[in-house]
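Engineer: Take a look at the following structure, please.
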Amino acid sequence: MPEFYVGLMSGTSHDGVDAVLATARGKRVQLLQCVHLPYSARLRSRLLALQRRGDNELHRAAILANELSDLYAAAVRRLLARSGVGARVVAAIGCHGQTVRHRPGDGYTLQLVNGARLAERSGITVVCDFRSRDVAAGGEGAPLVPAFHRAMFGTPRRGRVIVNVGGIANLSVLPARGTVTGFDCGPGNCLLDAWIMDRRRNHYDHDGAWAARGTVIPKLLKKLLSHPFLRRRPPKSTGRDEFDLHWVKRLLSGDEPAADVQATLLELSAVTIARAVSGYCAGAREVFVCGGGAYNRALLARLDGLLQGKRVATTVALGVEPEHVEALAFAWLARQTLKNKPGNLPAVTGARGPRVLGAIYPK
């Protein structure tokens, strides 16, 4: 009997829920079906508002966790209906939840989901709150995907880097031999999406076309690159609470052309990723990009230019569509938890040791 797992991912881009159905194949998982449910404009704005301090936060967070859990349950129902697989044969749902605060330095990270409610609504065992155990063990709680990337994409024939460009960008260094490492690089799509929404009321910059029409502002880029996080050495992780539009606007004089600001924000993402690759995985000859940023042609072209001598491609070349990688990772992490196996890599997060991750809500 095949082992079926559902992975649910809501990333820092705050665009919606990615749901995948996967089956276990040895150390790997294989995608069987996928569904995407977008956030409504109202839900997205309320989630983004929780990134910053405000009134009545506890109540707002609890209500949003319930709403998200109902949306997750709807995604699971649609996913299983599309695949023809019944809930009773699914071993578990691995649900990341929606990050609203990530403060490992203060000893916590918060991803909104009501695991009990999702288990009730779906009739399936739920594994969630993956990051908290790593933080409790002294780690950053992120990124957690390098262990999955090693299982799925690692090869003894050559070194590789997997770059996930979501709202925040992170990378996994997969050497042909040796220790897997990884860390958050800095902003991925979050500032690009925020600026184009602020100025043009679009959710994202399709293909990076607006950024491509602008010109990089060197003085602004220098200010952006001076952010303290970008100078920190790994292990490190970050979130929208460090890189948001308020921060960008404080650095503007007010007379910059909007397209030039977008071009500069794209350059910020590209340069921080390229510096991370060059500084910590110079021996890797291949760089594979996943996440929503993999569809930003201008960003990929700039990475290709900055990483000369390395092959730059998306994870399509490895057999997985870029938008499915993270959801698959949480299906895989749920399996690790049920089998009482570690899901973190201490060399990545800085935790005191390997840990079994997640809280389990039985069906």
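Engineer: Could you state the angle between the C-alpha long axis of helix 57-83 and the longest principal axis of the C-alpha atoms of the chain, as a value from 0 to 90 degrees rounded to the nearest 10?
Structural biologist: The answer is roughly 70 degrees.
Engineer: If you don't mind, there's one more thing I want to ask. What distance in nm lies between label points placed 7 Å from Cα along the C-beta direction at Asp198 and Glu57?
Structural biologist: 2.2 nm
Engineer: Given 20 °C and 1.002 mPa s, compute D for the stretch 227-285 with the Stokes-Einstein relation, Rh being the Kirkwood radius over Cα pairs; round to the nearest whole µm²/s.
Structural biologist: In µm²/s, the coefficient is 160.
Engineer: What is the distance, in nm, between label points placed 7 Å from the Cα along the Cα-to-Cβ direction at Ser45 and at Lys219?
Structural biologist: Using points 7 Å along Cα→Cβ, the separation is 3.4 nm.
Engineer: Round to the nearest 10 and give me the degree value, 0 to 90, for the angle of helix 258-280's Cα axis relative to the longest principal axis of the chain.
Structural biologist: Long axis of 258-280 versus the principal axis of the chain: about 70 degrees.
Engineer: Let me ask something additional. Accessible area, 1.4 Å probe, largest first: how do Arg302, Arg160, Arg297 sort? Intermediate results must be reported in sequence, preceding the final value.
Structural biologist: Details: Arg302 80, Arg160 30, Arg297 170 Å².
Sorted by accessible area, descending: Arg297, Arg302, Arg160.
Engineer: Round to the nearest 0.05 the FRET efficiency obtained for Lys249 and Ala176 when R0 = 41 Å and r is the Cβ-Cβ distance.
Structural biologist: The calculated FRET efficiency here is 0.40.
Engineer: Of the listed pairs Lys236/Lys363; Lys249/Lys310; Lys219/Lys310; Lys339/Lys363; Lys236/Lys341, which have alpha-carbon separations greater than 26 Å here?
Structural biologist: Cα-Cα > 26 Å for Lys236/Lys363; Lys249/Lys310; Lys219/Lys310; rest within.
Engineer: How much length would be gained if the chain were fully extended between Asp207 and Asp260, taking 0.36 nm per residue of separation minus their Cα-Cα distance, in nm to one decimal?
Structural biologist: Once the chain is fully extended between Asp207 and Asp260, it gains 17.5 nm.
Engineer: Students sometimes get this wrong: rank Tyr5, Tyr108, Tyr295 by accessible area, probe 1.4 Å, all chains present, largest first. If you can, show how the numbers build up before the last one.
Structural biologist: Values: Tyr5 5, Tyr108 85, Tyr295 105 Å².
Sorted by accessible area, descending: Tyr295, Tyr108, Tyr5.
Engineer: Ignoring ligands, DNA and RNA, what percent of the 1.4 Å accessible area of the chain is carbon and sulfur? It would help to have the intermediate numbers written out before the result.
Structural biologist: Working: 7550 of 15300 Å².
Of all accessible area on the chain, carbon and sulfur atoms account for 49 percent.
Engineer: Then there is this: Per the helix-only calculation at 222 nm, which mean residue ellipticity applies to the chain, given -39500 (n - 2.57) for every DSSP H run of n ≥ 4 and division by its residues, nearest 500 deg cm²/dmol?
Structural biologist: -12000 deg cm²/dmol
Engineer: Accessible area per residue of the chain at 1.4 Å probe, in Å²?
Structural biologist: 42 Å²
Engineer: Right, something else. Which value, in Å² rounded to 10, gives the accessible area of Lys341 with a 1.4 Å probe and all protein chains present?
Structural biologist: Number for this one is 100 Å².
Engineer: Quick one: accessible surface of Met152, probe radius 1.4 Å, all protein chains present, in square angstrom to the nearest 10.
Structural biologist: For Met152, the solvent-accessible surface is approximately 20 Å².
Engineer: Using 0.36 nm times the number of residues separating His36 and Lys363, minus their current alpha carbon distance, what extension gain do you get?
Structural biologist: Numbers: separation 327, 0.36 × 327 = 117.72 nm, distance 2.35 nm.
Full extension of this stretch gives 115.4 nm more.
The values are calculated or read from the model by the stated rules, or taken from the named source; none is laboratory data. Since this is a predicted model, take the numbers as computed values, not measurements. Here the Cβ is made from the backbone with ideal geometry for all residues, glycine too, and neighbour counts use every protein chain on show. For accessibility, only protein heavy atoms count, side chains too; no ligands or nucleic acids. Shrake-Rupley method; radii C 1.70, N 1.55, O 1.52, S 1.80 Å.
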